[in-house]
1. Could you tell me the center-to-center distance, by alpha carbons, between the stretch 232-269 and the stretch 293-348 in angstrom?
2. With +1 on each Lys and Arg Cβ and -1 on each Asp and Glu Cβ, how big is the dipole of the chain about its Cα centre, in debye rounded to the nearest 20?
3. Positive end of the charge dipole of the chain (Lys, Arg +1 and Asp, Glu -1 on Cβ, about the Cα centre): tell me which of 276, 147, 451 has its Cα farthest that way.
4. Considering the dipole of the chain built from charges on the beta carbon (Lys and Arg +1, Asp and Glu -1) around the Cα centre, which of 219, 410, 196 is farthest to its positive end?
5. Before anything else, pin down the relative contact order of the stretch 214-269: Cα pairs under 8 Å, at least 6 apart, normalised by residue count, whole percent.
6. Select from the chain the helices, each a whole stretch of DSSP H, whose alpha-carbon atoms run 18 Å or more along the helix axis and whose Kyte-Doolittle mean is at least 1.0; answer none if there are none.
7. Counting Lys and Arg as +1 and Asp and Glu as -1, what is the net charge of the other residues whose Cβ lies under 15 Å from the Cβ of residue 59?
8. Run lengths n ≥ 4 of DSSP H only: what is the helix-derived mean residue ellipticity at 222 nm for the chain, with -39500 (n - 2.57) per run over all residues, to the nearest 500?
Amino acid sequence: MSKTTAGPAPGEVLTQRQTITVMVGLMLGMFLSSLDQTIVSTSIYTIANDLDGLSLQAWATTAYLITSTVTTPLYGKLSDIFGRRPLYLAAIIIFLAGSLYAGSVHSMTELAIARGIQGMGAGGLLALALTIIGDIVPLKDRAKFQGYFMSVFGISSVLGPVVGGAFAGSESILGFDGWRWVFFINLPIGLSALAVVFLYLHLPAKHVKQRIDYWGAAAITLAIVPLLLVAEQGRSWGWTSANSFICYGLGVLGIVAFLLAERRAGDYALIPLRLFRNVTFGLSSLLNFIIGIGMFGAIAMLPMYLQLVKGLTPTEAGLMMITFTVGILTGSITAGRTISSSGTFRIFPILGTAILTSAAIVMGFSLGADTELWVPGLIAVFFGLGLGFCMQPLTLAMQVSVPSKDMGVGTSTAAFFRSMGGAVGTAVFISMLFSLAADKIANGMKDAVQNADYLKVLKDPAVAADPANAKLYDFFKNGASNDSLNDTSWLHTANPVLTRPITEGFAQSIDTVMLTAAVLTGIAFLISFALPKKKLTDPKAVMKEPAAAH
């Protein structure tokens, strides 16, 4: 038998320098995963126009979302069986292959396929990074390191729209279309992550003899794909359309099949149902889902407000959201250091959900067409703070509430529920926004035409002849509806007096959406009080104590 000297033996602790080196590689992987969730948002219009596939642009986002969400629990379970290192390296390679393909495509159909491949890799980058921290870092330091990871998550999520907008706005970079660098930028970063992890992350070889839950994997795919599909496409299909009802039915069927498959599989299950008997694990999963809905929906609304109401470009709106990064950085590091020193975690989800609820209420009552920009900037700080207080402590709680052999499942389940909540929240709230806006704008325009000053501008021949107002007059002719609000690119170049009812309608609709988000995060706040008051303890440290006594 050959002898390996590649890394530490089982139970050996990495030096601080080795740990930090590995952390850099893992952070680069997480940076890529979260960056690509948002980087396409500001560039997709340019990409779709260049590839002559404007009607297919939503699929580029949907494909990434579906594959990354579906594969997250798969990576968690497979890493418990085969080990973290090979699965993490595979995730980076798959992601890089998808990125290279995405930057080389010649049609929107190809791009959707490439984004799906990217998503298959991204599903492992976030969940496995946090799981590997659990393997190599003791609990007293783990909270601190995971706080840095959550900060990277927040920073990359905010940087995405800024970077995407900058690349899409460039005609050509190094001989390639500017928008292709939205995907090519992943290659040097991903290769760096691959090199660091390959060279420095040497966990003990692992191959647990265990059946793979193929039926559970098939069932969860059947459950998630239709539900994410209808969440993303429901507004264009219609929530009561035949396509939507088919997706609802398949989703429910998949959930039932998944529960039956997991019950039958027992310990071999993709997400063993026995884990939910643990109060901390069950409640943290539920909180991750609810917070995901309320929080990510709310985060989607701030850029919407800045662009639709205040007239900022996507890049400017992304830069404004840097204040959100300040909040998440503060929240994550504060929570991490406190949990590391005291083991106390319950207070942070309580504080976090309270801050998120308060921020959503303030946003719901304070944002209007004339609100100063510093107000949403300050609100974003508190959203980030609440997020930092919630995400990392709940992930830690789920990690330590499961046996060591289920660490991968525990961590990936946290990411899975948060991702599902985020997808549902973003889709539902954006749909809600445009449905409300259509009614509020229609009512606002009816009131406006009763005003003599407004009518005077509306009937001014010079205003009507201005090319900048052409689409505005088309909008007046067709009336406010979901379809007519699909393209608002003309909104802030048209006459500001005439567009006033439209911007006010959007502002009022965003207020209503935020108050709805506040109800959801308020429910999460109440649920968080049910979390056990015990301190987090490291199962591995407890297991080592008797051995040390001998």
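Read-outs throughout are calculated quantities, based only on the coordinates presented, and are distinct from any laboratory measurement. In this text, all values refer to a predicted model and were calculated from it rather than measured experimentally. Note: ideal-geometry Cβ built from the backbone for every residue, glycine included; neighbour counts use all protein chains shown.
1. Here the answer is 31 Å between Cα centres.
2. In debye, rounded to 20, the chain gives about 2220.
3. 276
4. My answer, from the dipole projection, is 410.
5. Relative contact order comes out at 48 percent.
6. Sorted by number, the helices that extend far enough and score high enough are 84-102, 108-136, 186-200, 242-265, 279-304, 347-366, 374-400, 496-528.
7. In short, -1.
8. Theoretical 222 nm ellipticity from helices: -25500 deg cm²/dmol.
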